[in-house]
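> Once you've had a glance at the structure underneath, I'll fire off some questions.
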2 protein chains.
Amino acid sequence: MTRAPDMPAPIEEDWPAIVLVRPQMGENIGAVARAMLNFGLAGLRLVEPRDVWPNPKAFAVASGADRVLERARLEWRLDDALADVTFVAAATARPRRMEKPVWGPREAARRLRAAVAAGERPALLFGPEAAGLENEEIARADAIVTYPVNPGFPSINLANAAALFAFAYGETRQETDLPAWFAAAPSPPASQADLDGLFQHLEEELDRGRFFHPPDKTALMRHNLRAPFLRAHLTKQEAQTLRGVIKALTIGRGGRKREDPPA
Amino acid sequence: MTRAPDMPAPIEEDWPAIVLVRPQMGENIGAVARAMLNFGLAGLRLVEPRDVWPNPKAFAVASGADRVLERARLEWRLDDALADVTFVAAATARPRRMEKPVWGPREAARRLRAAVAAGERPALLFGPEAAGLENEEIARADAIVTYPVNPGFPSINLANAAALFAFAYGETRQETDLPAWFAAAPSPPASQADLDGLFQHLEEELDRGRFFHPPDKTALMRHNLRAPFLRAHLTKQEAQTLRGVIKALTIGRGGRKREDPPA
């Protein structure tokens with residue numbers, strides 16, 4: 001497409017990524033893609049969509065945002081969709097009592113914009129239309145995004161929720177004085193894959209030491225154990241260092257030889 | 001519905017009204033109603049919808065915002081839909097060269113909120129999905145609302161556009177320091193019906209004086225003539241006074257008796 005020299009340039013940015021977890025209706029996927037591209041966001045990821053993908057209904061509703069849908073990454077596990085992500089925000093209508101920062105869409109937009117400027121690869125998660133994200137999925141997020149809705153009618157359409165964030169994000173492109181929430185770290189930030197590896201390593205070793213007891217408290221204990229590391233927003237170097245710490249603490253434990261965990 | 005005493009109260013405000021002009025798809029009408037009520041707006045008006053009304057598709061998509069649809073005012077002429085409105089904003093994607101203020105959704109929200117606080121009855125007009133509002137419809141507005149979209153993909157979904165405004169409007173409810181753009185006037189503001197009467201009266205008399213010449217320039221001349229009166233945002237008293245002025249100027253003109261225009 002040729003443009004006159006004085007036309008403003010189109011905007012297509014891959015970060016922050018928008019991650020739709022178990023989206024139900026193809027129409028909503030298409031509407032999200034359209035709303036994203038309206039405000040210059042082009043990085044869409046789908047986790048376990050209900051219907052076949054590519055979904056013709058999504059393309060029909062996208063009204064021309066086909067390239068966002070064509071490039072959308074399809075994954076069957078949230079872990080895989082977030083493997084290269086370094087900062088996770090989760091949109092939820094219901095406030096949940098978790099030790100995480102809670103932002104409105106405007107605050108979230110400014111924070112994630114600052115993250116991108118500092119070299120992070122942030123993502124915003126939306127859950128399925130009816131049920132929203134599960135607690136387990138929200139627990140892995142670094143921050144929670146909620147919308148300041150009418151208490152008398154809070155249920156917001158998925159595409160509208162994406163549109164509000166994308167609009168707010170577009171506005172931050174004009175801001176030049178974003179606070180340095182994300183200092184450009186000497187070492188790059190840990191990806192979700194780095195963190196998954198760290199937590200898996202730690203939990204395996206703790207399991208071996210019968211740390212998770214009683215069994216019905218295991219999920220809660222895992223969550224509480226992860227929370228401070230998530231809040232710390234580790235660098236890649238720190239995640240590696242911590243795995244070295246675990247190794248050092250466990251070597252030769254119980255006189256039983258064990259394989260090294262995958263690096 | 002009973003609420004616990006510490007629950008925040010639901011919000012349902014009739015002003016600003018959202019006016020959908022010739023909406024095509026019932027689904028979009030329902031999606032607009034849902035987005036409005038998400039942020040506490042309940043005054044919906046429909047002008048000449050394409051399909052039968054009430055439209056079951058609208059109710060299906062509204063996800064419970066039925067009372068907004070049930071109370072929606074249906075009109076066949078824009079004039080009738082705006083008769084009691086005192087301030088008209090028109091949403092349009094394409095900037096048009098008109099002598100009107102142009103606001104983004106946030107600015108529009110703050111302005112219309114200030115208008116409501118001063119006793120005005122403002123409305124925001126959205127055109128049909130594909131074509132948008134016609135020039136003639138935009139010409140009658142006091143202000144234009146545009147969205148800061150990606151130049152590479154500017155076409156925004158109707159419900160998303162309504163949602164962005166409603167969201168921005170909801171945010172203004174927290175603001176207590178809105179500038180007094182609309183001073184509470186000693187006389188209430190002129191309604192659109194008052195203005196229609198004034199313009200009709202004036203144009204009839206001008207027509208009698210062969211003011212509108214040549215005929216192919218009539219529409220433009222009417223538009224240019226109305227513009228300063230619209231910008232002045234007349235009070236009801238001023239609109240009446242101006243009609244008295246027209247009468248005084250035309251009485252006995254041409255030796256031809258004429259009926260008084262309707263008051």
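> Checking B:Arg77 against (1) out of contact with any helix residue (DSSP H, G or I) (no Cβ under 7 Å at 6 or more places or on another chain); (2) over 30 Å from A:Phe165 (Cβ atoms); (3) in contact (Cβ under 8 Å) with a residue 40 or more places away in the chain: exactly one of these is not met. Which one?
(3)
> While we're on this one: All but one of (1) under 22 Å from B:Ala131 (Cα atoms); (2) surrounded by 14 or more Cβ atoms within 10 Å (Cβ to Cβ); (3) under 22 Å from the mean Cα position of the chain (by Cα) hold for B:Lys57; which doesn't?
So B:Lys57 meets the others, but not (3).
> Also: Got a sec? Which of B:Leu82, B:Leu74, B:Leu69, B:Leu78 is in contact with a Phe, Trp or Tyr (Cβ under 7 Å, 6 or more places away or on another chain) and away from chain A (no Cβ under 14 Å)?
Sole residue among the options that is in contact with a Phe, Trp or Tyr (Cβ under 7 Å, 6 or more places away or on another chain) and away from chain A (no Cβ under 14 Å): B:Leu74.
> Against the definition (closer than 23 Å to B:Gly40 by Cβ, away from chain A (no Cβ under 14 Å) and under 20 Å from the mean Cα position of the chain (by Cα)), how does B:Pro179 come out, yes or no?
Judged against the criteria, B:Pro179 is not a match.
> Take the residues in segment A:60-98 that are over 19 Å from the mean Cα position of the chain (by Cα) and surrounded by 20 or more Cβ atoms within 10 Å (Cβ to Cβ); name whichever of them is farthest from A:Arg121 (Cα to Cα).
Here the answer is A:Val61.
> Further, regarding this structure: In segment B:125-155, how many are touching a Leu at 6+ places or on another chain (Cβ under 8 Å) and facing another protein chain (nearest Cβ under 9 Å)?
Total satisfying the criteria: 4.
> Which one of the conditions (1) touching a residue at least 60 places away in the same chain (Cβ under 8 Å); (2) of a type in the set (Gly, Ala, Ser); (3) part of a loop (DSSP other than H, G, I, E, B); (4) surrounded by 18 or more Cβ atoms within 10 Å (Cβ to Cβ) does A:Ala163 fail to meet, given that it meets all the rest?
For A:Ala163, the failing item is (3).
> Cβ-Cβ under 8 Å, sequence separation 6+ or interchain: first residue in segment A:142-153 and of a type in the set (Phe, Trp, Tyr), partner assigned to a strand (DSSP E or B). Which pairs?
Every condition considered, the pairs that remain are A:Tyr147/A:Ala91.
So that you can scan it fast, the table gives a plain yes or no per residue for (1) of a type in the set (Ser, Thr, Tyr); (2) touching a helix residue (DSSP H, G or I) at 6+ places or on another chain (Cβ under 7 Å); (3) more than 9 Å from chain B (Cβ to nearest Cβ):
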residue	(1), (2), (3)
A:Leu20	no, yes, yes
A:Asn28	no, yes, yes
A:Ala35	no, yes, no
A:Ala42	no, yes, yes
A:Val61	no, yes, no
A:Gly64	no, no, no
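> Considering only residues that are in a helix (DSSP H, G or I) and not charged (D, E, K, R), which ones fall in segment A:109-160?
Hits for segment A:109-160 are A:Ala109, A:Leu112, A:Ala114, A:Ala115, A:Val116, A:Ala117, A:Asn135, A:Ile138, A:Ala139, A:Leu158, A:Ala159, A:Asn160.
> Moving on to the next point. Which residues, counting only those in segment A:50-89, are of a type in the set (Ser, Thr, Tyr) and either closer than 21 Å to A:Phe39 by Cβ or not in a loop (DSSP other than H, G, I, E, B) (or both)?
Scanning segment A:50-89 gives a single hit, A:Ser63.
> Quick one: how many residues across segment B:122-160 are charged (D, E, K, R), within 16 Å of B:Ala93 (Cα to Cα) and surrounded by 16 or more Cβ atoms within 10 Å (Cβ to Cβ)?
Going through segment B:122-160 one residue at a time, the tally reaches 2.
> Also, quick follow-up: Name every residue in segment B:210-231 that is out of contact with any strand residue (DSSP E or B) (no Cβ under 9 Å at 6 or more places or on another chain) and surrounded by 13 or more Cβ atoms within 10 Å (Cβ to Cβ), in order of residue number.
B:Phe211, B:Phe212, B:Thr218, B:Ala219, B:Met221, B:Arg222, B:His223, B:Leu225, B:Arg226, B:Ala227, B:Phe229, B:Arg231
Values quoted throughout were computed directly from the atomic coordinates according to the rules given, and no laboratory measurement underlies them. Not measured: the values here are computed from a predicted model. Note that we place each Cβ from the backbone using ideal geometry, even for glycine, and neighbour counts take in every protein chain shown.
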